Amino acid sequence: MRRHFDHEDSTGIDLAPMLDFVLNLLIFFIITAVFVKEVGLDVTRHGGAVGGQASGKETGSISVVIRENGEIVVDERIVDVRAVRANVERLHAQKPDWGVMVTTEQEAETGLLVQVIDQVHQGGVDNVSFGTSSR
Amino acid sequence: MLDFVLNLLIFFIITTSFVREPGISVNRQEAETASARESGNILIALRANDEIWMDRRQVDLREVRPLVERLHVERPEDTVIVIADKAAKTGLLAQVMDEVSLGGIEEIAIGAMTPGGE
């Protein structure tokens, strides 16, 4: 009889409080995990300090220039932000293997850069590189 | 069931605790084609007044490279998202991206937000 009681004591650990605690931790981490989903746009950098490795093969690229006063130049013409997509689509149809090179002046605003890259992506070109020009 | 819950717990601890948040919020540009970055765990924020924030503190441009190098050694599969304010200068953005790629991480994305969403 005594032996039987000892046996029950050693196996009968109450797991309920520990389970509650673990479940609380689990819920906490699930809630915090939801908020760390970052969204972004892929770009490669060209003409920077790590030179010459951005472009693997020698192909041309469609040039988009953003000036510091907010003007956007595609194919040597000043265009509106909303017209970038149509222009890129047209040039992409002519040269399907070309990527897009976005060159900005130092003082140009990042908001405009993101808008332009977004438009280029919508125009069907995913290979976007970014560089700055000094003048 | 207990095993399962513990496994879930460990999974969430691992996935959450390694995101390097910049510590400030910036005013981002909306972009239709912005996509969620699964492995974008090192966040660098640029404010409109040329401040760089990383790992919950303000850093100098010259500090970015050693910080990125250290984080890259700790977790080599991490990628960088540079979250720049709408009004931040692209010159600074380019410099930061250069420092990051010198620090050994080639995959860099520019942070944006989906229209109407987060």
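A short reminder: the numbers here are calculations on the coordinates, not readings from a lab. Bear in mind the structure is a predicted one, so any value in this text is a computation, not a measurement. Note: ideal-geometry Cβ built from the backbone for every residue, glycine included; neighbour counts use all protein chains shown.
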Report task. May I ask you to verify whether B:Ile83 is among the β-branched types (Val, Ile, Thr), facing chain A (nearest Cβ under 10 Å) and loosely packed, with under 14 Cβ neighbours inside 10 Å? Result -> no
Query raised in the report: Among the strands (runs of 3 or more DSSP E) contained in the stretch B:1-96, which hold 1 or more residues that are within 28 Å of A:Glu107 (Cα to Cα) and free of Cβ contacts under 8 Å to residues at least 12 places away in the same chain?
Result: B:35-37, B:57-59
Report summary line: Scanning the stretch A:59-71 for residues that are within 13 Å of another protein chain (Cβ to nearest Cβ) and either crowded, with 17+ Cβ neighbours inside 10 Å or part of a helix (DSSP H, G or I) (or both) gives A:Val64, A:Val65, A:Ile66, A:Arg67
Report summary line: Of (1) assigned to a strand (DSSP E or B); (2) among the hydrophobic types (A, V, I, L, M, F, W, C); (3) facing chain A (nearest Cβ under 7 Å); (4) within 25 Å of A:Phe29 (Cα to Cα), B:Ala109 satisfies every one except (4)
Requested in this report: Quick one: count up the residues across the stretch A:89-119 that are more than 9 Å from chain B (Cβ to nearest Cβ), not aromatic (Phe, Trp, Tyr) and not in a strand (DSSP E or B).
Outcome: 10
Requested in this report: Search the stretch A:73-88 for residues being in contact (Cβ under 8 Å) with a residue 12 or more places away in the chain and not in a helix (DSSP H, G or I), and hand back the single one that is nearest to B:Glu30 (Cα to Cα).
Outcome: A:Val74
